[in-house]
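**Q** Okay, here's the structure, questions in a sec.
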2 protein chains.
Amino acid sequence: MAPAEADRAGGEPLSEIATRYLRAAILDGRLRPGARLRQEAIARELGASRIPVREALRTLENEGLVNLTPRSGARVARLDYAEHAELYRIREELEPLALAESTPHLSDEALAHLRALKLQIERSRDPGVWLVLDRQFHLASYAAAPMHRLLKMIEGFWNTTQQYRRVYYRMVAAELPPDDPALPMTHIDHCLLLDALERRDASDASRMMRTHIRRTRLTLAASQHLFDE
Amino acid sequence: MAPAEADRAGGEPLSEIATRYLRAAILDGRLRPGARLRQEAIARELGASRIPVREALRTLENEGLVNLTPRSGARVARLDYAEHAELYRIREELEPLALAESTPHLSDEALAHLRALKLQIERSRDPGVWLVLDRQFHLASYAAAPMHRLLKMIEGFWNTTQQYRRVYYRMVAAELPPDDPALPMTHIDHCLLLDALERRDASDASRMMRTHIRRTRLTLAASQHLFDE
DNA sequence: AGTTCGCCGTTTGTATCCAAAATCCATCGT
DNA sequence: ACGATGGATTTTGGATACAAACGGCGAACT
């Protein structure tokens with residue numbers, strides 16, 4: 001009944017548990033964009049009072065996952081196309097930087113992990129799994145960069161744009177399984193990226209990353225009509 | 001006794017008033033980096049309870065102005081040199097983008113305002129005023145960019161790096177008033193920037209902005225020892 | 001004398017309670 | 001039939017109250 005009750009052991013503040021609980025629910029799609037978040041309901045689900053929930057909502061608002069209107073309530077953030085394009089444009093500047101700074105620090109184990117992830121990604125056909133793995137792959141490729149703020153920001157971008165990727169890849173997987181160029185193209189990008197990383201060629205990897213994100217952004221622009229609802 | 005009591009009229013949530021109150025106190029230096037923020041004390045200053053204060057602290061934590069340790073308390077964020085360098089590196093990627101996107105949308109009134117600010121900046125000798133004006137100048141130059149998230153992020157960077165600029169310019173103004181190259185160099189950068197904006201040359205302005213920030217970053221690196229305390 | 005243990009005051013985290021604003025629904029009017 | 005309007009209900013914002021954890025100080029021990 002209280003899904004996060006087990007976590008209560010660690011003396012961790014309820015507000016952080018609530019934050020993780022809600023963030024997970026938003027990211028894996030249980031809470032749809034636009035869905036209203038009633039404090040009392042969430043508090044009951046967690047077996048807590050509204051106070052920690054309110055703080056969680058505020059945290060998530062700052063992360064961009066929730067929109068909080070002063071006396072009206074909280075809703076799962078729904079980004080229109082322009083906002084998504086903006087985020088992709090920002091990512092286009094920051095993720096190449098993260099990758100360039102990460103490349104020289106990537107350990108052999110990290111590279112092996114990336115290779116393993118790439119294989120898993122190519123095999124997986126389930127959109128949900130694909131999403132999780134692709135995210136892991138890219139974030140892992142940045143993780144060695146000694147820029148904690150940058151890494152946190154980038155993770156935030158992946159979170160707020162997750163709904164977009166979900167819609168997009170669900171559609172891709174459902175309607176045009178083997179002959180859509182987007183997915184194979186992504187696989188090629190992954191290969192090139194991994195190759196550059198193994199050669200420790202930071203500027204090459206960085207350039208490819210920029211291209212990869214730009215291509216994705218333009219692909220999204222082409223299917224813009226699908227997201228406006 | 002309650003400094004923000006007048007604002008209570010607008011039906012604005014106390015938590016937002018508390019946020020603004022604390023943010024202003026941190027930015028103008030009344031609250032020094034590392035200073036402990038006791039919820040009850042702040043609540044008393046505002047004539048409110050701790051609840052809105054807690055939410056304000058959480059917001060400011062996400063903005064990077066406050067460090068919040070779960071059962072220990074909140075402190076004004078103190079960034080070490082590496083973190084500042086990281087933020088400048090990020091700014092180096094994002095502010096040229098903001099400027100490039102802003103340039104074509106700058107109205108004639110906005111340009112006139114920028115010219116006026118530039119003159120004021122060159123005249124002013126008080127470090128506090130200089131800081132405020134320089135900030136206004138740059139943020140105003142970005143303001144026309146149709147990228148709200150980006151603009152908010154950039155404002156956040158200026159906020160979290162404010163303590164650095166304060167220390168730096170106070171020192172410059174106090175110890176080497178007329179013969180330090182940094183300030184005249186900044187003025188030249190402003191001139192070039194304004195010129196590019198008036199020519200509506202986005203890529204030129206963008207390039208200059210990158211150079212401007214990079215130069216600042218390297219200048220800071222040279223006086224790194226001053227900030228380690 | 002220095003270090004460690006334990007107690008006490010302080011501060012945080014959370015629950016409960018109250019007032020005010022917003023939402024929703026039914027009613028009324030056109 | 002459709003839209004506006006009013007009140008009842010829900011829901012949020014905030015205050016107060018209480019329990020638990022942290023931090024500092026003194027005392028005892030090595």
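**Q** Nothing charged except the Cβ atoms of Lys and Arg (+1) and of Asp and Glu (-1): what's the magnitude of the dipole of the stretch B:26-177 about its Cα centre? Round to the nearest 20 debye.
**A** Once rounded to the nearest 20, the dipole reads 740 debye.
**Q** Follow-up. Express the relative contact order of chain B as a whole percentage, based on alpha carbon pairs under 8 Å and six or more residues apart in sequence.
**A** Relative CO of chain B lands at 23 percent.
**Q** While we're on this one: Using a 7 Å offset from Cα along the direction of the beta-carbon, what are the separations from A:G34 to the same position in each other copy, nm, ascending?
**A** 5.2
**Q** Considering amide H positions built from the backbone, and no H for Pro or chain starts, which residues 5 or more places from A:L37, or on another chain, come under 5 Å of its amide H?
**A** When sequence neighbours closer than 5 places are left aside, the close amide H contacts are A:A74, A:R75, A:V76.
**Q** Right, something else. About its Cα centre, how strong a charge dipole does the stretch B:27-114 have in debye, to the nearest 20, once Lys and Arg get +1 and Asp and Glu get -1 at the Cβ?
**A** 960 debye
**Q** Right, something else. ³J(HN,Hα) across the stretch A:75-81 via Karplus (A = 6.51, B = -1.76, C = 1.60, θ = phi - 60°), whole Hz, x for Gly/Pro?
**A** 10, 5, 4, 10, 9, 7, 4
**Q** Follow-up. Under a point-charge model restricted to the Cβ atoms of Lys and Arg (+1) and Asp and Glu (-1), what is the dipole moment magnitude of the protein assembly as shown relative to its Cα centre, in debye to the nearest 20?
**A** With Lys and Arg at +1 and Asp and Glu at -1, about 1040 debye.
**Q** Place the label 7 angstrom along Cα→C-beta at A:E12 and in each other copy, then list the distances from the first to the rest in nm, shortest first.
**A** So the label point of A:E12 gives 3.5 nm to the other copies.
**Q** Another question, if that's okay. Hey, if you put +1 on the Cβ of every Lys and Arg and -1 on every Asp and Glu Cβ in the stretch A:91-218, which of A:Y164, A:H212, A:W130 ends up farthest toward the positive end of that dipole?
**A** Projecting each Cα onto the dipole axis, the largest value belongs to A:Y164.
**Q** Calculate one ³J(HN,Hα) per residue across the stretch A:139-154 by plugging θ = phi - 60° into the Karplus curve 6.51 cos²θ - 1.76 cosθ + 1.60, and present them in order as whole Hz with x for glycine and proline.
**A** Once rounded to whole Hz, the list reads 4, 5, 5, 8, 4, 7, 5, x, 9, 5, 4, 4, 5, 5, 4, 5.
**Q** Now for a different question. Along the stretch A:11-21, what does the Karplus equation 6.51 cos²θ - 1.76 cosθ + 1.60 (θ = phi - 60°) give for ³J(HN,Hα), rounded to whole Hz, x for Gly and Pro?
**A** Per-residue couplings from phi come out as x, 6, x, 4, 4, 6, 4, 4, 4, 4, 4 Hz.
**Q** Between copies, how far apart are the A:H187 label points? List them in nm, one decimal, shortest first, with each point 7 Å from Cα toward Cβ, please?
**A** Counterpart label points of A:H187 in the remaining copies fall at 6.2 nm.
**Q** Next question. Amide H of A:V66 versus every other amide H placed in the peptide plane: which residues, excluding those fewer than 5 positions away on the same chain, fall under 5 Å?
**A** For A:V66, the qualifying residues are A:E61, A:A77.
**Q** Here's something else I'd like to know. Could you check how many percent of all C-alpha pairs in the stretch A:186-229 are farther apart than 11 Å?
**A** Pairs farther apart than 11 Å: 66 percent.
**Q** Starting with the fewest neighbours, write out B:M209, B:M153 ranked by other beta-carbon atoms found within 10 Å of each beta-carbon.
**A** B:M153, B:M209
**Q** Normalised by the number of residues in the stretch A:35-75, what is the relative contact order in percent for Cα pairs under 8 Å and 6+ residues apart?
**A** It rounds to 42 percent for the stretch A:35-75.
**Q** Treating only the Cα positions of chain B as identical point scatterers, give the base-10 log of I(q)/I(0) from the Debye formula at each q in 0.07, 0.15 Å⁻¹.
**A** -0.25, -1.08
**Q** So who's got an amide H within less than 5 Å of the one on A:T161, skipping anything under 5 residues away but keeping other chains? H placed 1.01 Å off N, in plane.
**A** none
**Q** Per residue, how much space in cubic angstrom lies within the convex hull of the C-alpha atoms of the protein assembly as shown?
**A** Convex hull of Cα atoms, per residue: 180 Å³.
**Q** Simple spin-label model, 7 Å along Cα-to-Cβ: A:T211 to A:A110 in nm?
**A** Each label point is offset 7 Å from its Cα along the Cβ direction, giving 2.3 nm.
**Q** Just add up the charged neighbours of A:A140: K/R +1, D/E -1, any other residue whose Cβ is under 12 Å from the Cβ of A:A140.
**A** 0
We did not get these values from a lab; they are worked out from the coordinates using the rules stated. As the structure is a prediction and not an experimental result, all values here were calculated from the model. Cβ: placed from backbone, ideal geometry, glycine included. Neighbour counts: every protein chain shown.
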